[in-house]
1. Which residue, of Gly46, Gly35, is out of contact with any Phe, Trp or Tyr (no Cβ under 9 Å at 6 or more places or on another chain), farther than 17 Å from Thr89 by Cβ and loosely packed, with under 14 Cβ neighbours inside 10 Å?
2. Here's a check for you: in region 85-100, which residue that is over 12 Å from the mean Cα position of the chain (by Cα) and not in a loop (DSSP other than H, G, I, E, B) is farthest from Arg115 (Cα to Cα)?
3. So, in region 94-114, how many residues would count as being farther than 14 Å from Val43 by Cα and surrounded by fewer than 16 Cβ atoms within 10 Å (Cβ to Cβ)?
Amino acid sequence: MASLDDILTSLKNVVTAANGVAQGLQRQVPTTTSGQLSANTLVQTGFVRVTGIAVVTAGAIGGLYDAATIAGAGSGQEVYAVAAAVGYTAVNMVFENGLVYKPGAGQVATIFYSRV
């Protein structure tokens, strides 16, 4: 037969596990937006999870880059091409080094992201 200490320890472990799941789910919800961007911008350094992109003004195709600086955001670091059409696109992408947005000519977009 289980003692009261065993039952309370098991209950504590369940609560700890549930909190871990809740925190993991919360990290997938965008906590920050970049605001409307129309120029090359270092949005965030370090690990970032992009959850969505809203193109406000269409233009040429832009891009999201996994880089810690704007200068370091070359063609080899491009992870996602931002569409040249107005609208919202849900994505779930992790950038390890940082997030740089380079808009296409005339493009304006908002990036929704959370820190990982």
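1. Gly35
2. Gly87
3. 2
Values in this text are rule-based calculations from the coordinates and carry no lab data. All values reported here derive from a predicted model rather than from experimental measurement. With ideal geometry, Cβ positions are generated from the backbone for all residues, glycine too; neighbour counts draw on all protein chains shown.
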